[in-house]
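Peer 1: My structure is below; once you've seen it, I'll send some questions.
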Amino acid sequence: MPIRLYNTLTQTKEDLQTVVPGRVGMYVCGPTVYSFSHIGHMVGPVIFDTIKRYLVYSGYEVTWVVNITDVDDKLIQRVQAEGATPADMAARVKALAETVTADYLDCLKALGVDGIDQMPRATEHIPGILEITQGLIEKGNAYASGGDVYFDVTTDADYGKLSHRDFEELEAGARVDPGDKKRNPGDFALWKGSKPGEPAWDSPWGPGRPGWHIECSAMSMKLLGPHFDIHGGGLDLVFPHHENEVAQSECYSGKPFATYWLHNGLLTKGGKKISKSDPETIVEMRDLLARHQPDTIRALLLSSHYRRPIDYSNDRLDELDRALRGFRTFFDRFERITGQSFYSLNASSQKTAGAEFPDEVSDLRRQFLDAMDDDFNTGGALGVLFDLLRVLNRYADLQQLDKPPVDAAVQARFVAGVVTLRELAGLLGLFREPSKSAEADSGDRLTGPLLDLLVSLRTSLRKSKNFALSDEIRDRLTELGVILEDGAGGTRWKITDR
RNA sequence: GGCGCCGUAGCCAAGUGGUAAGGCAGCGGUUUGCAAAACCGUUAUUCACCAGUUCGAAUCUGGUCGGCGCCUCCA
């Protein structure tokens, strides 16, 4: 079954057919780095990271580019608001960009977004931007006007094809600023002349900086070629950003730009879109990562289809925390049974195990892959993961794997099934390493030994049927966030995740 | 006003022509000294509403109602 994906350009689901067989070039619009990342900034990266994992798994060689827009009006406004003067403005813009970029990279890393191959900065691609701007002027698609350069939308017959807007109506509906340097209201800046002190580069039209859309055209075409496969971004970027990107890129190169346009839905909070202009809705990643497991946040973003909006709430994350806990509990169980860590499993563990997949497991594997083939249906795929978990727990129950001795062949089948879970969860970027708090707790010098001591004393109490006291110990530990489980192989303790 | 999306159980959510995945919460059971964990069963005769197409519709068509996004910076 081929991979199918919904294309905003054609408004239909299409089979993936790449420009170069076996290769995928993918460009996703990254942030303008003027303020710290909020959860909305993570939707695209997590989705497209997952898409890349799946494409690679499916045999494609993928090059994924995410840009950083590090010069823009918003950065300038921000440092001006903070009291920048013409003398230090350029330096402060640079410093702000670096600080915010570092924060963005930290957030990506925390959420397991590690598939980005290149992260070009707009300021590193000024020559390419000037080249395209010049080229568009020469072809008659752009014009210089008062130190700025604008793209003339009336020269592009296809203008509006991505966002499916009628150009004439757009004209009629747009407001015209008095004294505007534009010929048409819909024209947009390729180059903006700068005021004294603002970050500026020399150009044939005087000192200035790139317009908002041009850097994406310059960087994507430079790194992926004029015609590449997938262009992604938030639904809110379709117009005007992506529309303008298509227009200027195709007019410049004379070739089709991206084949497939994938747009992710926007995050809402309380039903309202998360937006910088509405501070109530902002949920900064730094705060979120302090309260929840990264896997939980990632699972939230993958829990429904990527084009649908996701309503963020703390309750929702708490609910998902509980849901994912079952997996972590199972991983501990797996380690007790087999002596190997779930997190150390990989594809070759399958060969080592030397066992066939149980039918049930291979059926679920097929279901998972079918869901992913169908426009990257991560919500459906995640559901299959829960099915798989249940199958594996049931197998361990029925075969009494917790009570040695265990038949080697039976255990090998079990391992084979768990390797599949590891493999599929990895495609979603989930459970790639032990949870943070579990790691922190086991690193503590005293906590473990003290709990072992308490458990050992309590075991003596239970042997002498002193249940009142042993239950009190368990209850009070629970209050402290330590769960005791009296199982077949003795009592285990576990510190709850936050 | 134009373009587009959505409405599936108490909540979240998959399913786009063949008779309703999964998660959370709840209830009953197995297990347990009691719990926890795990497993089993159970919770929508029905997919906002109305009409139509069809042997058959949550899925297709038309209409109604409700929620949202874009058209201005936004991931």
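The values are calculated or read from the model by the stated rules, or taken from the named source; none is laboratory data. Model, not experiment: these values are computed from the prediction. Backbone-built Cβ (ideal geometry, glycine too); neighbour counts: all protein chains shown. Protein only, heavy atoms only, side chains kept; ligands, DNA and RNA dropped before computing areas. Shrake-Rupley method; radii C 1.70, N 1.55, O 1.52, S 1.80 Å.
Peer 1: Does A:Q293 satisfy the condition of being more than 9 Å from RNA strand B (Cβ to nearest atom) and within 22 Å of the chain's Cα centre (by Cα)?
Peer 2: Judged against the criteria, A:Q293 is a match.
Peer 1: Let me ask another. Which of (1) open to solvent by less than 10 Å² (accessible area, probe 1.4 Å); (2) assigned to a helix (DSSP H, G or I) is the odd one out, the single condition A:V149 does not satisfy?
Peer 2: If we test A:V149 against (1) open to solvent by less than 10 Å² (accessible area, probe 1.4 Å); (2) assigned to a helix (DSSP H, G or I), just (2) comes out false.
Peer 1: Conditions first: (1) at pLDDT 95 or above; (2) surrounded by fewer than 20 Cβ atoms within 10 Å (Cβ to Cβ); (3) not in a helix (DSSP H, G or I). A:P127 passes all but one, so which condition is the exception?
Peer 2: Only one criterion is unmet by A:P127, namely (3).
Peer 1: Output the residues belonging to the stretch A:391-415 that are under 12 Å from A:F334 (Cβ atoms) and part of a helix (DSSP H, G or I).
Peer 2: Result: A:L392, A:N393, A:Y395, A:A396, A:Q411, A:F414, A:V415.
Peer 1: Here is a follow-up. Looking only at residues that are out of contact with any strand residue (DSSP E or B) (no Cβ under 6 Å at 6 or more places or on another chain) and of a type in the set (G, A, S) in the stretch A:235-271, which one is surrounded by the most Cβ atoms within 10 Å (Cβ to Cβ)?
Peer 2: A:A247
Peer 1: Another question, if that's okay. What number goes with the only condition from (1) surrounded by 22 or more Cβ atoms within 10 Å (Cβ to Cβ); (2) modelled with pLDDT of 95 or more that A:D72 does not pass?
Peer 2: (2)
Peer 1: Here is a further query. What number of residues within the stretch A:467-497 satisfy the criterion of being surrounded by 13 or more Cβ atoms within 10 Å (Cβ to Cβ) and not in a helix (DSSP H, G or I)?
Peer 2: Result for the stretch A:467-497: 12.
Peer 1: For the stretch A:55-77, indicate whether the set of residues that are in contact with a Ser or Thr (Cβ under 8 Å, 6 or more places away or on another chain), of a type in the set (D, E, K, R) and in a loop (DSSP other than H, G, I, E, B) is non-empty.
Peer 2: Checking the stretch A:55-77: at least one residue is in contact with a Ser or Thr (Cβ under 8 Å, 6 or more places away or on another chain), of a type in the set (D, E, K, R) and in a loop (DSSP other than H, G, I, E, B).
Peer 1: Go through the residues of the stretch A:80-96 one by one and say whether even a single one is among the acidic types (D, E), within 16 Å of RNA strand B (Cβ to nearest atom) and not in a helix (DSSP H, G or I).
Peer 2: no
Peer 1: Could you run through the stretch A:33-51 and say how many residues are part of a loop (DSSP other than H, G, I, E, B), open to solvent by 10 Å² or more (accessible area, probe 1.4 Å) and touching a Leu at 6+ places or on another chain (Cβ under 8 Å)?
Peer 2: 1
Peer 1: Still on this structure, please answer the following. Looking at the stretch A:374-419, which of the residues that are farther than 30 Å from A:K13 by Cα and acidic (D, E) is nearest to RNA strand B (Cβ to nearest atom)?
Peer 2: Applying the filter and picking the extreme gives A:D397.
Peer 1: Taking the stretch A:79-101 as the search range and keeping residues that are closer than 19 Å to A:G208 by Cβ, of a type outside the set (A, V, I, L, M) and in contact (Cβ under 8 Å) with a residue 24 or more places away in the chain, which one is most open to solvent (accessible area, probe 1.4 Å)?
Peer 2: The qualifying residue most open to solvent (accessible area, probe 1.4 Å) is A:K94.
Peer 1: Let me ask something else about it. Look through A:G22, A:G44 and report the one residue that is among the small types (G, A, S) and at positive phi.
Peer 2: A:G22
Peer 1: Hey, among A:Y104, A:Y54, which residue is open to solvent by less than 30 Å² (accessible area, probe 1.4 Å) and within 12 Å of RNA strand B (Cβ to nearest atom)?
Peer 2: Matching residue, one of A:Y104, A:Y54: A:Y104.
Peer 1: Can you find, within the stretch A:223-259, the residue that is farthest from A:V66 (Cα to Cα) among those that are part of a strand (DSSP E or B) and within 16 Å of RNA strand B (Cβ to nearest atom)?
Peer 2: Per the stated criteria, the residue is A:A258.
Peer 1: Taking interchain pairs and intrachain pairs at least six residues apart, which have beta carbon atoms under 7 angstrom, with the first residue in the stretch A:329-346 and outside the structural domain of A:V482 (by TED's automatic domain parsing) and under 16 Å from A:S435 (Cα atoms) and the second open to solvent by 70 Å² or more (accessible area, probe 1.4 Å) and within 16 Å of RNA strand B (Cβ to nearest atom)?
Peer 2: A:S341/A:E335; A:F342/A:E335
Peer 1: Residue under question is A:L385, and the condition is that it be open to solvent by 10 Å² or more (accessible area, probe 1.4 Å) and either under 21 Å from A:N346 (Cβ atoms) or of a type in the set (F, W, Y) (or both); does it hold?
Peer 2: no
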